[in-house]
């Protein structure tokens, strides 16, 4: 079971990293349009729509990746002090009551939304129209991947309730962990306190 959970974590991570390249495309597109508009005096009507689509794609396809890393915003003021079983109970209730209905509705409605757009070959409304239906396909796609990752998180909650501790998850780039950083450079709290006192003392002399 754990191997399956980690495999889905890796899949969500791969999807997130793949669509993260949208940032590069978005940056190049905006830079080129600024140059074209203000230097060449030749703006393009379709670029704004393309920017919105790229940003929307990036935003939606990052959801499953972020969930797989437990990176979504959470009120950690009290949650962090709870025992793992209490945390799992809270998470499980919230997943069932809020997450599942919302994401299932998003995926289900998004699929029909995409099909309606595809059937009429929907385009943007400007002088140089772009097709909209490929972008609208991102809605059910991102919803489906997020739903899959959410089911993994629900299984993790059940495992935690049964075993009393959270199962491991796929690791990736994280914010700096001060404790880990201290271990890497072999620095102890006492050394830091001594350095602080030295700096304060020397600063007072200056």
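Mind jotting down the distance between the C-alpha centroids of region 4-33 and region 71-113, whole Å?
If we compute the Cα centre of each part, the gap is 23 Å.
By counting other Cβ atoms within 10 Å of each Cβ, how are 94, 161, 28 ranked from fewest to most?
28, 94, 161
All of the numbers you see were taken from the coordinates with simple rules; none came from a lab. In this text the structure is predicted, and so the values were computed from the model without any measurement. Note: ideal-geometry Cβ built from the backbone for every residue, glycine included; neighbour counts use all protein chains shown.
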